[in-house]
1. Quote the accessible area belonging to residue 464 in square angstrom, nearest 10, computed with a 1.4 Å probe and with ligands, DNA and RNA left uncounted.
2. Based on the Kirkwood radius over alpha-carbon pairs, what value in µm²/s does the Stokes-Einstein equation return for the translational diffusion coefficient of the stretch 292-333 at 10 °C and 1.306 mPa s?
3. Given a 1.4 Å probe, how much area per residue of the stretch 55-188 is accessible, in Å²?
4. Restricting the count to DSSP beta bridges whose residues both fall in the stretch 61-180, what percent are antiparallel, rounded to a multiple of 5?
5. Accessible area, 1.4 Å probe, largest first: how do 280, 389 sort?
6. Which order do you get for 85, 300, 382 if you rank them by accessible area with a 1.4 Å probe, largest at the top?
7. Could you sort out which of 17/157; 71/227; 22/303; 157/345 sit more than 29 Å apart by Cα distance in this structure?
8. How much length is gained on full extension from residue 58 to residue 30, taking 0.36 nm per residue of separation minus their Cα-Cα distance?
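The values are calculated or read from the model by the stated rules, or taken from the named source; none is laboratory data. Because the structure is predicted, anything quoted here is derived from the model rather than measured. We place every Cβ from the backbone using ideal geometry, glycine too, and count neighbours over all the protein chains shown. Areas reflect the complete protein model, heavy atoms only, side chains present, ligands, DNA and RNA absent. Shrake-Rupley method; radii C 1.70, N 1.55, O 1.52, S 1.80 Å.
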Amino acid sequence: MVSSESLSESAAPPPKKYGVTKPLSLAGPTEADLQRNAELEKFLRESELYESEEETARREEVLQRLDEIVKQWVKQLTRQRGYTDQMVEDANAIIVTFGSYRLGVHGPGADVDTLCVGPSYVNREEDFFILLHDILAEMEEVRELQPVPDAHVPVMKFKFQGISIDLLYASITLLVIPEDLDISEQSILYNVDGPTVRSLNGCRVADQILKLVPNAKHFRTTLRCLKFWAKRRGVYSNVTGFLGGVNWALLVARICQFYPNAIPSMLVSRFFRVYTQWRWPNPVMLCPIEEDELGFLVWDPRKNPKDRTHHMPIITPAYPCMNSSYNVSPSTLRVMMDQFQIGNKICEDVELNKAQWPALFEHYFFFEAYKNYLQVEIVAADNGDLRAWKGWVESRLRQLTLKFSVDALQIERDTNGTLQCHPYPNEFVDMSKPCPHCTFFMGLQRQKGVKVQEGQQFDIRGTVDEFKQDVSMYSYWRPGMDIYVSHVPRREIPAYVFPDGYKRPRQSRNTIQHTPETDAKGCMSSEERRSKRKQETHTVDVQSDKLPKRASISPQDIGSVSPASVSSRSGGSSQIITPEESLQEVKTAGLQNQSSDDKSTEDTGEQKPCISE
């Protein structure tokens, strides 16, 4: 006779499946895990990653005010276009959020990603970027208004009562927008263009992520933790070829699916364990990729040749499914894999009580990691022009990184070696210079495992000149906008990049000196720029002296000086001849390179990695 207990056990439903594969483990936390989790959450609070109640209330007030403004804007347009009084009364637009704010993981001072959804007769090109722009420009509460109509996702950036706002616009095929509009409905995508689909998908992806994770609270804490880690380690930036907020959210969500009963301290550890072993370019997916009669392209390397070139596919879960990490290059993937290895080792030590959580979040010593750097300085006539010019140049920095990856084949044939480029996401500003400017740096080194002769040099002048030519195509260029590219050996890294203006113990005899003859704004005059371009040559001895190690934490907006050797938008010869180095990155000694993936692109399904629990 079968007992009722046995019947109950046999009738128990199978565990819920999250994602495209079964979980790797259903184990819950032990007492030790609970203790480590408490310590982790205490560390996150002490690191001030949560905003105050006052700031939360201010954000809500700003969003409410913005919602009122777009409603009035649409009613005004409806009246001007001769619609009936009833249509004017019913005319509506709504503000919805996406990104970190919608996911519930935003921190103090973070911007708010917002989307305005308007009716079919209100367009983006004129009504949004001209008429609404002019309304905002006249408001005292609005500062630093910057329209970016030509972006992949057109956006208007500004500060409203001190809160940073990124505002998108989507015109959908409805004459009246209901207040309770469901963004997740697929019908909302009928008869809209590509930029509108991309604008709407920010909200749709955020909602899908929260639906597809087993525990939203654990997901949020883990994501907040990993975003903080990525910023500390210099790998948080979609525009420069690393990963942005939605990419990290998707990676964390997949770990939550693999370990549905785990708590944040376990999920952080499993995050590094899984992704150090992940065989890219196998895609990370939260759900199967679905096609639809709407006909939008979805990510599919079997049909789309361009999708086969992606190095780190992280697929969005909302239709049309896209690769959110198409910006990743071979060089930036290598950097992230190295950082995953470091994170995995520290988490192992934490679990063995050999380390504490703060060790995981130490700053990355970027300016100690390489012997050679590329310095890219951006200047403009005023701060408004600088914001626009910087946004354009920063978006092209990824192309410079990719050019190194592409040109490496030619370099390898010519020099029997390959040059790799590590862009650093943070920008630097020299507060002592009145000229509006900012500076980015890239670390340069040879590919690991490639042998070169002593004194061998890389000539990357053609690559840099091509980058300059690309940047010069900016449609909204204004007088004063300029860019300078120079090679800087590690011993000549200026003190402004170090915390508290750290001064190096000794100054190299070859350190670049600034000429005293500058214009009234602190920038070189046009005559001096032309003279510098004619004289510009950089050749670095392979036997560069090593300096004592120094603290080199590099927070954003600490300061920068203008390089003396320049290559400008208006032309000039940029000669950058970089010698080969064998310097290894700090704290990455002994780490093995990730094995290459031999998976055929005929299969778009995610492959579960071989990971020991």
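1. Accessible area, nearest 10 Å²: 0 Å².
2. Estimated diffusion coefficient is 144 µm²/s.
3. Counting only protein heavy atoms, the per-residue value for the stretch 55-188 is 46 Å².
4. Among the beta bridges of the stretch 61-180, antiparallel pairing accounts for roughly 70 percent.
5. Ranked from most to least accessible, the order is 280, 389.
6. In descending accessible area the options line up as 85, 382, 300.
7. Listed pairs above 29 Å: 17/157; 71/227; 157/345.
8. 6.1 nm
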